[in-house]
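Asker: For reference, the structure I am asking about is given below.
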Amino acid sequence: MHGLIDHSSSPKNVYIASNDNGHAVELVAMLMMEMLIAHAAPIAVFRPFVADNKTDPVLDFFCHRYPLSFSNDALYGLTYSEAERMLGNQQYDELIKLILAKFQALNTQCSAVLCIGNSSTSTDSLFNLDLNLELANNLDCLVLPVIQSSARDTQSQKNRLASVQHALLHHDCNVLALIIAADTCHDQFDLPYPVFCLPEESLLLHPSMQNLSQMPGVEIISAQPACLHREIKNFKVAAMLLPEFLDYVEAGDLIITPSDRADIILASLLSYHSNNFPKIAGLLITGQTPIAAAVNNLINDLDDLPFAVLAMHADTYSVAMAAHELEAHINWQDAGKLAKLMAYMEKYINLVELRLRLFSSDAHKMTPLMFEYDILQRAKLHKQHIVLPEGEEDRILRAAEILLMRDVVAITLLGNPILIRQKIQKLSLNLDTVNIIDPLESELRAEFAEYYFQARQHKGVILPAAFDLMSDVSYFGTLMVQLGYADGMVSGAIHSTQHTIRPAFEIIKTKPDASIVSSVFFMCLNDQVLVYGDCAVNPTPNARQLAEIALAAADTASLFKIEPRVAMLSYSTGDSGQGEAVEKVREAVGIAKQLRPKLKLDGPIQYDAAVDPDVARTKLTKSEVAGQASVLIFPDLNTGNNTYKAVQRSSGAVAIGPILQGLNKPVNDLSRGCTVTDIVNTVIITAIQAQQTAD
């Protein structure tokens, strides 16, 4: 088994998505595999879904042709039935999370993964192009769409291309290239990525006798290995008289005939000795009746029989219908055919351009589900101890159960142990391993009071007052963090922001390089995660404070693997506006650039110019940030708080936070309207912050 792979110099992962399950997908996949395996190793292939028996002809081909030293179970996400059940129960996000977990487990052992998506025609209409593109984004793959089109007129092909392009834009995919497999390819395209056209005659792959032999219920009567490579051009049911049959047969036919038609069987066996008779692909014998003994002996005695003879014990009509549904798959043993196919591919696809894009692309996505998966795995890596002061609140208890079941953190709940245990029983939760402390009865109360007295006596605090104050869960929890009894604290589900963070300001204090404490929200939109700051703490920061908030937010983004591209927001963009508020932002930009000259940071800039590439091209053309900002800094609390709530409520975005920045140890606040999921995510983020503090 491979160790963990450093991906810093590896090619990007690639996701092949198609509107059809035809031959071109497998051919393109083989071409990409040849390219990847020649430049990086180890390489793996992955399928989101496989058949319920956990087999897949595409995986089978790649596992035989290439040295993929991984178990079959590691190379797929879910079975069709599992996926259909989850989609039917509207568990869309859970399905993606399960596939993401399997994919990431494989990816840590590889330099790159080639993911071959499932098309709707291979299983069910549920597995459509949109689902494949959604998966590609969440797996952080470059997308390589393969469009298979039989449309010969320009307009029909353009319509199909426009539909796929619309889907790519809608999902904001990072596209490697686009490949069109068609009878006639109209090559007038104006797209921001290369388009390669594969003429259908170059790619036309018929199913082989090998494919047929692998169908359920098919028995091999006689077959030399080379005979199984023969392609089936047509399916012919032979139920007519022998003379009519001889006129009916064409080259490449699969002859389907009942077992009692000895005349048809014998004529087929003799056909290869005729210079005038078409060369058939093979013979498929149907029916429950055994082949006549004499005919069977004749077949077995013909050692040099140049085609395969197969049997399927069902009626001729059912066999013919099943044969017509047969899908063509490349035979890994047919080296000559594989070499020809690779030559065809290389003729029509610019491998140099494709390789440059594959190995030079620095485009990465951070979708909400990727973000959630990533922070969960990072938190589990070095488990931290988090104190939750609001231990008597139902949402806190439900979140604690989830966190403990996932083994993400160790948890201490503060509150009345009897009341907490009663609520746990009432809610039918499993919290056997949780630690519960009552601040009123804890032996730590005196120690905490003494520490607080020593730290705050210059502010007039006396020891008895400090002892009384330690009955407050927010102060008690904060002292647990400060004195090392816990690594971080999360509160605010039933307490105000000030009640939660005031003890941290007094006791934990700010980092040496921070003059203020600020906050950010992780805004989880449909296909990306943005960082908003400051939306919860500082009402009217001055220019220097605003610059510090921006730099702290950039650091927070980096900590959570979001590339920081910082937009300092205002009501005007660039030099277009004047006024005290704009000048404050302009001054803050200057301070931030002086302190961190290599950081991608720009402003003043309006929100639309910060996030919309089209608007950015008209308002701020030379900016590294405009149109692609990932960190958005608001000029004051009024703007930031209202904006994050407007985006959250209008778009359905998940807002995780506020996450506090600038404290020596992590303490984070919850909204009083928070959900159980909000609490879980905030605890996980706090644990990751605590890991950095420990380091």
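The values are calculated or read from the model by the stated rules, or taken from the named source; none is laboratory data. In this text the structure is predicted, and so the values were computed from the model without any measurement. Reconstructed Cβ throughout: ideal geometry from the backbone, glycine too, with neighbour counts over all protein chains shown. Quick note on the areas: whole protein, heavy atoms, side chains included, nothing else; ligands and nucleic acids left out. Shrake-Rupley method; radii C 1.70, N 1.55, O 1.52, S 1.80 Å.
Asker: Label the range 211-310 by shape, choosing from rounded, prolate and oblate, from the square roots a ≥ b ≥ c of the eigenvalues of the Cα gyration tensor; if a/c is under 1.5 it is rounded, and otherwise prolate applies when a/b is larger than b/c, oblate when it is not.
Answerer: Because its axes are fairly even, with a/c under 1.5, the range 211-310 counts as rounded.
Asker: Calculate how many DSSP beta bridges within the range 495-618 are antiparallel, expressed in % of all such bridges and rounded to the nearest 5.
Answerer: Once the DSSP bridges in the range 495-618 are tallied, antiparallel ones form about 55 percent.
Asker: Once ligands and nucleic acids are excluded and a 1.4 Å probe is used, how much of residue 682 is accessible, expressed in Å² to the nearest 10?
Answerer: It works out to around 0 Å².
Asker: At 0.36 nm per residue, and after removing the present C-alpha to C-alpha distance, how many nm does the segment from residue 571 to residue 432 gain when stretched out fully?
Answerer: 44.7 nm
Asker: Let me ask something additional. Once the dipole of the chain is set up with Lys and Arg at +1 and Asp and Glu at -1 on Cβ about the Cα centre, which of 166, 535, 507 lies farthest towards its positive end?
Answerer: 507
Asker: Return a single number: how many Lys pairs in the range 382-511, at a sequence separation of 8 or more or on separate chains, have alpha-carbon atoms below 30 angstrom apart.
Answerer: On the way: 383/423; 383/426; 383/509; 383/511; 459/509; 459/511.
Value for the range 382-511: 6.
Asker: Cα convex hull of the range 535-686: mean projected area in nm², to one decimal?
Answerer: Computed as one quarter of the Cα hull surface, the answer is 9.2 nm².
Asker: When the accessible area of the chain is split by element with a 1.4 Å probe, what percent falls to carbon and sulfur?
Answerer: 50 percent
Asker: List the pair-distance distribution P(r) of the range 21-119, using every Cα-Cα distance, as the percent of pairs falling in each 5 Å bin from 0 up to the bin containing the longest distance, rounded to whole percents.
Answerer: Calculated over all Cα pairs of the range 21-119, the distribution is 2, 13, 24, 24, 19, 11, 5, 2, 0 percent.
Asker: When all protein chains stay in place, what accessible area (Å², nearest 10, 1.4 Å probe) is found for residue 110?
Answerer: About 0 Å², rounded to the nearest 10.
Asker: Something else about it: Which of rounded, prolate, oblate describes the range 59-117, given a ≥ b ≥ c as roots of the alpha-carbon gyration tensor eigenvalues and a/c under 1.5 marking rounded, otherwise prolate only if a/b is larger than b/c?
Answerer: Working: a/c = 3.03, a/b = 1.83, b/c = 1.66.
Prolate is the answer for the range 59-117, as a/c is 1.5 or above and a/b outweighs b/c.
Asker: Moving on. For residue 580 and residue 618, FRET efficiency with R0 = 25 Å and r from the beta-carbon atoms, rounded to 0.05?
Answerer: Calculated transfer efficiency: 0.40.
Asker: While we're on this one: Quickly work out the residue 206-to-residue 314 label distance, labels modelled 7 Å from Cα along the C-beta direction, and quote it in nm with one decimal.
Answerer: Each label point lies 7 Å from its Cα, and together they span 2.2 nm.
Asker: Can you tell me the length gained on complete extension of the stretch residue 74 to residue 359, counting 0.36 nm per residue apart and subtracting the Cα distance?
Answerer: 100.1 nm
Asker: Scan the range 411-459 for GluC sites (Glu not before Pro) in coil per DSSP, keeping those whose Cβ has at most 13 other Cβ atoms within 10 Å, and list them by number.
Answerer: On the way: sites: 441, 443, 447, 450; in loops: 441, 443.
Passing sites in the range 411-459 are 441, 443.
Asker: Right, something else. Rounding to the nearest 10 and keeping the result within 0 to 90°, find how far the Cα-based axis of helix 473-482 lies from the longest principal axis of the chain.
Answerer: Taking Cα atoms only, the helix is inclined about 80 degrees.
Asker: If you project the alpha carbons of the range 400-534 onto their three principal axes, what span does each projection cover, largest first, in Å?
Answerer: Taking the Cα atoms of the range 400-534, the three principal extents are 50, 40, 24 Å.
Asker: Hey, what did the range 405-491 get for relative contact order, percent, Cα under 8 Å, at least 6 apart?
Answerer: Relative CO of the range 405-491 lands at 25 percent.
Asker: Next up: In debye to the nearest 20, how big a dipole does the range 434-548 give about its Cα centre with +1 on each Lys and Arg Cβ and -1 on each Asp and Glu Cβ?
Answerer: 420 debye
Asker: Just want to confirm a number: the relative contact order over the range 537-665, from Cα pairs under 8 angstrom separated by 6+ residues, in percent.
Answerer: Rounded, it is 31 percent for the range 537-665.
Asker: In whole Hz, with x marking every Gly and Pro, tabulate ³J(HN,Hα) for the range 608-620 from phi via Karplus 6.51 cos²θ - 1.76 cosθ + 1.60, θ = phi - 60°.
Answerer: For the range 608-620, the Karplus-derived couplings read 5, 6, 6, 10, 10, x, 5, 5, 4, 5, 9, 9, 8 Hz, x marking Gly and Pro.
Asker: Would you work out which of 478, 258, 323 lies farthest towards the positive end of the dipole of the chain? Charges go on Cβ: Lys and Arg +1, Asp and Glu -1.
Answerer: Farthest towards the positive end: 478.
Asker: As a test, work out the antiparallel percent of DSSP beta bridges whose residues both lie in the chain, rounded to the nearest 5.
Answerer: 20 percent
Asker: Normalising by the residue count of the chain, find the relative contact order in percent from Cα pairs under 8 Å and 6+ residues apart.
Answerer: Across the chain, relative contact order equals 11 percent.
Asker: Can you tell me the orientation of helix 23-39 relative to the chain, as the angle in degrees between its alpha-carbon axis and the longest Cα principal axis, to the nearest 10?
Answerer: 60 degrees
Asker: Work out how much length residue 90 to residue 555 would gain on full extension: take 0.36 nm times their residue separation and subtract the Cα-Cα distance, in nm to one decimal. All intermediate terms of the calculation are to be shown ahead of the outcome.
Answerer: Numbers: separation 465, 0.36 × 465 = 167.40 nm, distance 3.64 nm.
Length gained, residue 90 through residue 555: 163.8 nm.
Asker: Assuming a viscosity of 0.890 mPa s and a temperature of 25 °C, what translational diffusion coefficient in µm² per second does Stokes-Einstein assign to the chain, Rh being the Kirkwood radius over Cα pairs?
Answerer: Rounded, D is 83 µm²/s.
Asker: Next question, about the same structure. Can you give the FRET efficiency for residue 105 and residue 447, using 1/(1 + (r/R0)^6), R0 = 30 Å, r = Cβ-Cβ distance, to the nearest 0.05?
Answerer: So, using R0 = 30 Å, E works out to roughly 0.10.
Asker: Still on this structure, please answer the following. I'd like the orientation of helix 129-138 relative to the chain: the angle between its Cα long axis and the longest Cα principal axis, in ° from 0 to 90, rounded to 10.
Answerer: Helix 129-138 sits roughly 50 degrees off the main axis of the chain.
Asker: While we're looking at this one, here's another question. Using helices alone, what [θ] at 222 nm do you get for the chain, with -39,500 (n - 2.57) per DSSP H run of 4 or more residues, divided over all residues and rounded to the nearest 500?
Answerer: Calculated at 222 nm, the ellipticity per residue is -13000 deg cm²/dmol.
Asker: Once Rh is set to the Kirkwood radius over Cα pairs, what Stokes-Einstein translational diffusion coefficient, in µm²/s, holds for the range 608-695 at a temperature of 37 °C and a viscosity of 0.692 mPa s?
Answerer: Answer from the Stokes-Einstein relation: 214 µm²/s.
Asker: Within the set of other residues whose C-beta is less than 11 Å from the C-beta of residue 470, count the net charge using Lys and Arg as +1 and Asp and Glu as -1.
Answerer: -3
Asker: Can you give the accessible area per residue of the chain, in Å², using a 1.4 Å probe?
Answerer: 44 Å²
Asker: Here's a follow-up. What does the charge dipole of the range 37-148 about its Cα centre add up to, to the nearest 20 debye, if the Cβ of each Lys and Arg holds +1 and the Cβ of each Asp and Glu holds -1?
Answerer: Value, rounded to 20: 340 debye.
Asker: Right, another one. Could you compute the longest span of the chain free of trypsin sites (Lys or Arg not before Pro) located in DSSP loops and having at most 12 other Cβ atoms within 10 Å, not counting the site residues?
Answerer: Free of exposed loop sites, the longest segment is 153-597.
Asker: Using the Cα atoms of the range 458-562, I'd like the radius of gyration and the largest Cα-Cα distance, Dmax, both in angstrom.
Answerer: According to the Cα coordinates of the range 458-562, Rg and Dmax are 16.2, 53 Å.
Asker: Return the subset of 279/347; 233/279; 12/622; 598/622; 561/593; 593/622 for which the Cα-Cα distance in this structure is over 19 Å, preserving the input order.
Answerer: Long pairs (Cα-Cα over 19 Å): 279/347; 12/622; 561/593.
Asker: Still on this model: Treating only the Cβ atoms of Lys and Arg (+1) and Asp and Glu (-1) as charged, compute the dipole magnitude of the range 402-483 about its Cα centre; round to the nearest 20 debye.
Answerer: So the dipole magnitude of the range 402-483 works out to roughly 280 debye.
Asker: Same structure again: Long-range amide H contacts for residue 175: which residues qualify at under 5 Å (H placed 1.01 Å from N, peptide plane, sequence gap of 5 or more or a different chain)?
Answerer: 143
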